[in-house]
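Engineer: Sharing a structure here in structure tokens format.
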Amino acid sequence: MLRLKLPTDPRWVNIAEKNLKEILIDHAFCEQKAASYAISLIVQYPEYSDLVDAMADLAREEMEHFQRVHQIIKDKGWVLGRERKDPYVHDLQQFFPKGTDRKKALIHKLLIAAMIEARSCERFCVLAENINDKELSKFYYELMKSEATHYTMFLKFARKYGRELMDVDKLWDEFLEYEAEVMVNYGKKEMVHG
């Protein structure tokens, strides 16, 4: 379903488990950034009412996920800590040209969001299936299903709005190939996309 070209090595979970605090903090900020991204799409593209409605719902859901991860962090006796940069997202953004027209920029933003959600879904699946902590395994299984829904929603919007502008499926296939090249450099850190 996700069609990612380079699967995560299950041994990445060993890296995550060795520093669970870091992966949880990174995950919390991924959820917060996803909520912020949804809000930014509302602000930038208010004329697309169906997108606005979907992004308002998504922002609420992502903040609920943030709160749940934050609660796990607190339950373990830790504090949130400072936000981490996400070089993976930066690398994804390099695929698309800068300075394009507004509607094409929207399609690009939707495809970036779809890719982030797809990779997050895949990583949560790897965690759910391989992490020793049973509660976290259950938690990540639940979130994996949610991320899959987000991925398909963003891709659906990209196809809808890009239908008359470009071949969105061809662009998505090229983006999937690019993401695999990017992922060669990741999978070695205790970060959701690291």
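Read the figures in this text as sums done on the coordinates, not as results from a lab. Please read all numbers here as calculations on a predicted model, not as lab measurements. Cβ: placed from backbone, ideal geometry, glycine included. Neighbour counts: every protein chain shown.
Engineer: Separation of the range 116-194 and the range 45-108 by C-alpha centroid, Å?
Structural biologist: 13
Engineer: Additional query: Give the order of 72, 116 when sorted by the count of other beta carbons within 10 angstrom, beginning with the fewest.
Structural biologist: On the way: 72 18, 116 25.
So the ranking, lowest neighbour count to highest, is 72, 116.
Engineer: Here is a further query. Run the dipole for the chain about the Cα centre, Lys and Arg Cβ at +1, Asp and Glu Cβ at -1, nothing else charged, and hand back the magnitude in debye, nearest 20. Spell out each step's value before the answer.
Structural biologist: Values: 30 positive and 33 negative charges, 61 e Å.
So the dipole magnitude of the chain works out to roughly 300 debye.
Engineer: What does the C-alpha gyration tensor say about the overall shape of the range 1-52? Classify as rounded when a/c is under 1.5, otherwise prolate if a/b is larger than b/c, or oblate. Working shown, then result.
Structural biologist: On the way: a/c = 5.56, a/b = 1.85, b/c = 3.00.
In terms of gyration-tensor shape, oblate.
Engineer: Relative to the first principal axis of the alpha-carbon coordinates of the chain, what is the inclination of helix 168-183, with its axis defined by its Cα atoms, in degrees from 0 to 90 and to the nearest 10?
Structural biologist: 30
Engineer: When the chain is modelled as a GNM with alpha-carbon springs shorter than 10 Å, which of 141, 48, 161 fluctuates the most?
Structural biologist: In this elastic network of the chain, the residue with the biggest mean-square fluctuation among 141, 48, 161 is 48.
Engineer: Just checking my list (1) 110; (2) 193; (3) 126 against volume of the Cα convex hull per residue in Å³ computed from this structure; which label fits?
Structural biologist: Computed from these coordinates, volume of the Cα convex hull per residue in Å³ corresponds to label (1).
Engineer: Treating the angle as unsigned and between 0 and 90°, give the value, to the nearest 10°, between the Cα long axis of helix 20-44 and the longest Cα principal axis of the chain.
Structural biologist: 20
Engineer: For the chain, take the longest principal axis of its alpha carbons; what is the angle in degrees between that and the long axis of helix 49-75, to the nearest 10 within 0 to 90?
Structural biologist: It works out to around 10 degrees.
Engineer: For the range 12-183, with the dipole built from +1 on Lys and Arg beta-carbon atoms and -1 on Asp and Glu ones, taken about the Cα centre, which of 154, 178, 73 lies farthest toward the positive end?
Structural biologist: Comparing the listed Cα positions along the dipole, 73 ranks first.
Engineer: Fewest Cβ neighbours within 10 Å first, please rank 173, 26 accordingly.
Structural biologist: Values: 173 13, 26 22.
Ordered by Cβ neighbours within 10 Å, fewest first: 173, 26.
Engineer: Under a point-charge model restricted to the Cβ atoms of Lys and Arg (+1) and Asp and Glu (-1), what is the dipole moment magnitude of the range 59-102 relative to its Cα centre, in debye to the nearest 20?
Structural biologist: 180
Engineer: For residue 189, which aspartates and glutamates qualify as cross-link partners when the Cα separation must be under 13 Å and same-chain residues fewer than eight apart are set aside?
Structural biologist: Output for residue 189: 9, 17, 22, 26, 86.
Engineer: Now for a separate question. If one puts a single equal scatterer on every Cα of the range 125-194 and applies the Debye formula without solvent, what log₁₀ I(q)/I(0) results at q = 0.15, 0.18, 0.24 Å⁻¹?
Structural biologist: The computed values of log10 I(q)/I(0) come out as -0.71, -0.89, -1.08.
Engineer: Only counting other Cβ atoms within 10 Å, I'd like 43, 192 sorted with the fewest neighbours first. Numbers along the way, then the final one.
Structural biologist: Numbers: 43 9, 192 23.
Ordered by Cβ neighbours within 10 Å, fewest first: 43, 192.
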